[in-house]
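Written out below as structure tokens is the structure these notes cover.
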Amino acid sequence: MRKRNWPASLSLAFVCLFVTLSFGMGAKQYNHTREMIIANLNAALREAVKIHADNWLCRDTIQSYTKLQQQMGAAVTVHAYDNIFAEALPEKRFKRDAGIQMSIMNINSMNNAKVADAALSLRGYVFCPFMNVISMTNMTAPTVLLTIAFCFGGLYFYFRRKYSIKKETGTNSLDNTNIITFGDLALSIDDSCIYDLNRRRLNLTPMEYSLMEMFYNSSSHFLLKKEICDTLWPGKDNADETLYALVRRLKQTLAERSNVKISAVRGRAYQLDLNQIV
């Protein structure tokens, strides 16, 4: 079974979590700033209307706009800069580009309009592009969350690289207690693998590993052929040739990577031994 790189997976999950939180909080702060700008515009407009009410909202002004709209044959909108409106805005950057839009609304008949049927619409506005709103937004919390996401992103690439190197070289720390050693080989029960002196994993087939595991679990490292065949190929009438081929391949692997060897004992058993150093 393929082992999953849990540290990298968890790091990636935290990256997704903190990026989502960062952008979510950033969007919330951005909308809050926009609402604050709109509230400031409305407050400044109320201040301007309060001071100019006698001129803007009088019958003569509305009648003049109504007649102008009748003559033009279409809706008439006037944009004007008002000093009182601009000065009432709390943000200095908006004062120069602030303005008021005036238009006549609710005309029942364009050709026979009456002043009683008309209403003056007032709307305050400023030039405020996206980046201006961003510069006014408190992005401290989203920035902190995004920084944490980048940190977990670094951990993700670190653990992924570390896992890739370990997978390529077959190294393992073997820092656990479920280890059985014989010669310069170590069998890790947790990993179901066998490692050489340099802690590189031996590339064994499942049957080869199972046979080695039987040798290691035997206190004398001695196994009868019948015992091996009954365990690895239960129900098979004659597994001697299969066992012989398995042992032959395993002997070659052990000879290339360790000082451990498999010896035949009077044709009826196998013994795990150590090569004698001459």
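The values are calculated or read from the model by the stated rules, or taken from the named source; none is laboratory data. Keep in mind the model is a prediction, meaning the values are calculated, not measured. We place every Cβ from the backbone using ideal geometry, glycine too, and count neighbours over all the protein chains shown. Accessible surface areas use protein heavy atoms only, side chains included; no ligands, DNA or RNA. Shrake-Rupley method; radii C 1.70, N 1.55, O 1.52, S 1.80 Å.
Matching residues to (1) open to solvent by 90 Å² or more (accessible area, probe 1.4 Å); (2) out of contact with any helix residue (DSSP H, G or I) (no Cβ under 8 Å at 6 or more places or on another chain); (3) part of a helix (DSSP H, G or I):
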| site | (1), (2), (3) |
| --- | --- |
| N238 | yes, yes, no |
| E241 | yes, yes, yes |
| A245 | no, yes, yes |
| R249 | yes, no, yes |
| T253 | no, no, yes |
| K261 | no, no, no |
| Y270 | no, no, no |
| D273 | no, yes, no |
- If you scan region 222-232, which residues turn out to be within 50 Å of the chain's Cα centre (by Cα) and open to solvent by less than 40 Å² (accessible area, probe 1.4 Å)? I228, L232
- Query: Within region 42-74, which residues are surrounded by 12 or more Cβ atoms within 10 Å (Cβ to Cβ) and among the hydrophobic types (A, V, I, L, M, F, W, C)?
  - Reply: A43, A44, L45, A48, V49, I51, W56, L57, C58, I62, L68
- Show the residue pairs that are 6+ apart or on different chains and have beta-carbon atoms under 6 Å apart, the first residue being within region 92-104 and exposed (fewer than 15 other Cβ atoms within 10 Å of the Cβ), the second being of a type in the set (D, E, K, R). Q101/R123
- Task: Taking N55 as the residue in question, decide whether it is part of a helix (DSSP H, G or I), within 18 Å of C128 (Cα to Cα) and without any contact (Cβ under 8 Å) to a residue 24 or more places away in the chain.
- Result: no
- Message: Looking at S64, S9, can you tell me which residue is in a helix (DSSP H, G or I) and either under 30 Å from the mean Cα position of the chain (by Cα) or not hydroxyl-bearing (S, T, Y) (or both)?
- Response: S9
- Of these, L17, L12, which one is touching a Phe, Trp or Tyr at 6+ places or on another chain (Cβ under 7 Å), at pLDDT 90 or above, under 27 Å from L145 (Cβ atoms) and surrounded by 14 or more Cβ atoms within 10 Å (Cβ to Cβ)? L12
